[in-house]
Every structure is written in structure tokens, then in C-alpha cells.
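Structure record follows, encoded as C-alpha cells.
The values are calculated or read from the model by the stated rules, or taken from the named source; none is laboratory data. Keep in mind it's a predicted model, so treat the numbers as computed, not measured. A quick note on method: Cβ atoms are made from the backbone with ideal geometry, for glycine too, and the neighbour counts reach across all protein chains shown.
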Amino acid sequence: MKDWPEQPGQPDATPEPPELPMRPHASPEPPAEPVRPDASPEPPDVPPQPHAEWVRVGEPADGEGERRRGRRSGSGRGRGGRPARRPPRPRPLAILVLFAVLLVAVLAAIALLVHHHNAGPGFSGRVNAPLGGRRQRVTAWITSTTRSLDPVFASHALDEVDCDWYTIDATGTVSAGPQNLALVADARKHHVQVFATVTNRPSSRGSFTSSIPRSILASPAAQQHAMSALVTLATTKGFDGIDLDWELIPVADRDAFSRFAAGLATALHARHRLLSAAVFAKTSEPGRWDSQKVYDYHALGAAVDELKIMTYSYSGPWSSPGPQAPLAWTKAVIDFARTQMPPAKVYMGLPFYGYDWHKGSVTALQASEAEALVTQHHFKVDHNRASGEADLSYVDTAGVTHVLWYVDRHAVSAKLGLLESSFPNAGGIAIWQVYKEDPGFWPLIEQAMKR
């Protein structure tokens, strides 16, 4: 999703990088196989019935009947001369049954409480407040199904994980690649919300394709099928919501995509689920390139609960060596977005990666990989002032020159500083991605975003 993005727009102070036709998203796992109440009428009102009285039939007038009643009923008399009723004797078996029923009910209640505690919070249909006393929320995408998030959960630095495991086809059918629903349940136990990210790719290892959204948005039947499939995905697999990551949508479908998102949000909200969307960065409406123009920030912002703006991939295989997210460009993008929707819905993209330019090739570089390289060879790392990102160059043993730009702790601090100083009322950050990141990122985020 995020490895090969369209190049976003930026303010005049920063030159525009060239646009790429698509950003292939490599996923490490192979694709997998796709994916009455009976109301009874209320009974009519019946007046209360009196308790049954003894009926006197054919009583003699001379009082003989009274004497006979006395003989029949013995000496016990109630008030007014009526025979007193003796209370029934307790039955040991009935008492044991009643005790057993009460015991079962108590145990069931305890089990239910334990289940709810272990299962985490219920589905409120609301975006949860940040954990750990932070000011703003932290969301992050994950593509792996084997990665343990326990250290991340323990840091209280994550509020939402977006599981990039699902794709949708031209008919609106949703398919699952490799997935790990135990991770979903575990996240919710830690009060971390979980969204299912659904992309417009033919498979979890394929590339984004414009034909899929074009076909869905051109057919009311396909749209209805897609909405139903997405709601089913969220409600049957334990997700708090759906995260739409549709890229390379034809610009002619701009309004149709906005209407689809609004309809999907309504359907999800009716089931106490949420909707987020990932969009390309831009600094004006409608944007410079088709890849930007298709996203109507105002219309989407009115529909979704979170709009995650991909303020990264400023540089990459399509450009000369450079940063992922210059601070001035990021500020211009988020400043514009906040004018188009409630600021609390705006999420600033935060990259956890970089690139290595070498001998005409460009490869993705994860933070932990870069740090291991620096430690092993004792490289000197500089930091670009305009982005806060690390940059260095070296020559390998084969004589090949490498130029590296990547996000390290210094860069994360710089970008969080921008968020704090310029966007204190924004929703938070959206991280791409939880994969070979520096473990030190999480305590840094947790501390830097404290109230």
C-alpha cells in the first residue's frame, strides 16, 4: 500500500517530485482463499383473581353444619371462624433444586464478567480516547500476521492497529489473504481498536489497480454487495471498523467514491462500527494530479471517522535521493486538511522507513536495518534540518556507492514536535508501518505525546 505511492503536492517552497503510476505493495505472506425474532402477542389484561374460598353447599339451618365443619376441620380455626390453613412443609428436594439454580446463575454471571474483561471493550461505534494519558491517538498499519505486538501494547503507545490483510474485487467481493484473528482479539484485550484494511488489489501481493474501483463505482449492485461484504467482515471477525485504502481510483469517479464512502459509513455506524480512509497528500483542492484529485477531502471528511493522510513517500524510486516527509510540506498538507473537515478527524502520516539509492536501483530500508548497518560499520549519520531525517552515504566492498535516507528516533521526534506545535487539535498520527521498526520508537512516542 504505502511502498510505492503517488507523489503528493507541496507548498511552493518545496519542488514537486514527479508522479508515479502506482505504488506496488509487497506483502510477505502468500494470498489465501476468499472470504428472527419471533414476536409473541402480549396476553390480554386479566383482573386479579381472589384466593379460593371454602364453598358451603347445602348447610343446615340448625347449626349442625357448623358442628360438622368443626369435626371435619379439627380444632384449628382461623379469624372469623374459618379453618386455618397449615403452611406446607418444606421439601428438601425442592430446596436443593432452587439452590442449584441460584448457584448456576451466579457462576454464569461471573463467567460473563470474566469473558467481557478478557475480551476487552465492546463495540461502542466511537473512536476511543488515547491511551496512557496521551493528547492524541496513534494508529498504525500492519501487514504481517506473525509479528507479536505485545511490546507495543505494553508501551501504551498504540490506540489502533489497521490490519492490511484484505482485498476487494470488481464485483465487490472481499477476500482475505493471510490473517491472524488471534492478534485482533489480543489487541482488543489491551483496549486497542482494530480496523480491517481493505485495498483495491487483485491479491494481497498484487498492485493497486484502477479497474476494481471503476467497476464497483459504476454498478449499484456491486456497490451494495461491497458494502454488505465490508460490514460482514467487520462484524463477524471482531473488528472495530473498516479502513478503506483504495488507490489509483479514476478521477472521473471522485463523486461516486465520496458517495460510496458515505453510504458505507452509514451502514457501519448502524452496527456500531467505524470507517477510516487513507488518502494521498495535497495542499489544495482538487489537487495537481489525478491521484490527488479523486479524494474530495471535504466530502470524505464529512463521512468517515478518521482520514489518514499519507504525508510520506515524498522521495523514492521515482526520484533522486531525499527525505520521506519534509516538515514544511507536511505542515502545508495538514494545514489544508484541517480547513476541509473537523481537525479531530485528521491524522498525519508518519513513516517508519526510508530508501537506499545505489547503482541505479532503489530499495526500501527499514529503521532497524539502517541502525544495524550504522552500528556495524560505525558510520557517521547526519540529519537533514528540513525533515529531521537521517542521511548518509558509503561505498560497499564491491565499490558501489549507497545513499541512504531514513527515519530514525531523531526524525520521529522532529515530526512529533511538528504535530505538537502546529496541530494540537488534530486526531493524531497514522504510522506506515509496524515492521522492523526501531523498538525505541514506541516509548519515544508514548512520552512525546503525553498531555
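Output yes when any residue across the stretch 332-340 is modelled with pLDDT of 95 or more, assigned to a strand (DSSP E or B) and either under 26 Å from the mean Cα position of the chain (by Cα) or more than 15 Å from K415 (Cβ to Cβ) (or both), and no when none is. Among the residues of the stretch 332-340, not one is modelled with pLDDT of 95 or more, assigned to a strand (DSSP E or B) and either under 26 Å from the mean Cα position of the chain (by Cα) or more than 15 Å from K415 (Cβ to Cβ) (or both), which makes the answer no.
Quick grid of which residues meet (1) more than 28 Å from Q179 (Cβ to Cβ); (2) of a type outside the set (A, V, I, L, M, F, W, C):
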residue	(1), (2)
F257	no, no
F260	no, no
H269	no, yes
L274	no, no
A278	no, no
G287	yes, yes
G301	yes, yes
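Filtering the stretch 216-225 for residues that are touching a strand residue (DSSP E or B) at 6+ places or on another chain (Cβ under 9 Å), closer than 26 Å to D159 by Cβ and assigned to a helix (DSSP H, G or I) leaves an empty set. Against the criterion of being surrounded by fewer than 23 Cβ atoms within 10 Å (Cβ to Cβ), of a type in the set (A, V, I, L, M) and not in a loop (DSSP other than H, G, I, E, B), A154 qualifies.
Taking residues in the stretch 297-324 that are within 30 Å of V403 (Cα to Cα), and partners anywhere that are part of a strand (DSSP E or B) and among the β-branched types (V, I, T), the pairs with Cβ atoms closer than 8 Å and at least 6 places apart or on different chains are K308/T139; K308/V279; I309/V279; I309/V346; M310/V279; G316/V362; P317/V362; P321/V403. One residue alone among F195, F208, F239 is aromatic (F, W, Y), farther than 18 Å from L274 by Cα and surrounded by 18 or more Cβ atoms within 10 Å (Cβ to Cβ), and that residue is F208. Could you look through the stretch 386-407, keep only residues that are crowded, with 21+ Cβ neighbours inside 10 Å and part of a loop (DSSP other than H, G, I, E, B), and pick out the one that is nearest to the chain's Cα centre (by Cα)? The qualifying residue nearest to the chain's Cα centre (by Cα) is V407.
One residue stands out in the stretch 272-291 among those that are under 20 Å from L350 (Cβ atoms) and outside any loop (DSSP other than H, G, I, E, B): the one that is farthest from the chain's Cα centre (by Cα), namely F280. Pick out the one residue from A140, A111 that is more than 20 Å from V231 (Cα to Cα), modelled with pLDDT under 95 and either among the β-branched types (V, I, T) or not in a loop (DSSP other than H, G, I, E, B) (or both). Only one candidate qualifies: A111.
Restricting attention to the stretch 363-385 and to residues that are charged (D, E, K, R) and outside any helix (DSSP H, G or I), the residue that is farthest from W432 (Cα to Cα) turns out to be K380.
So how many residues does the stretch 207-238 have that are within 21 Å of V161 (Cβ to Cβ) and among the hydroxyl-bearing types (S, T, Y)? So the count comes out to 3.
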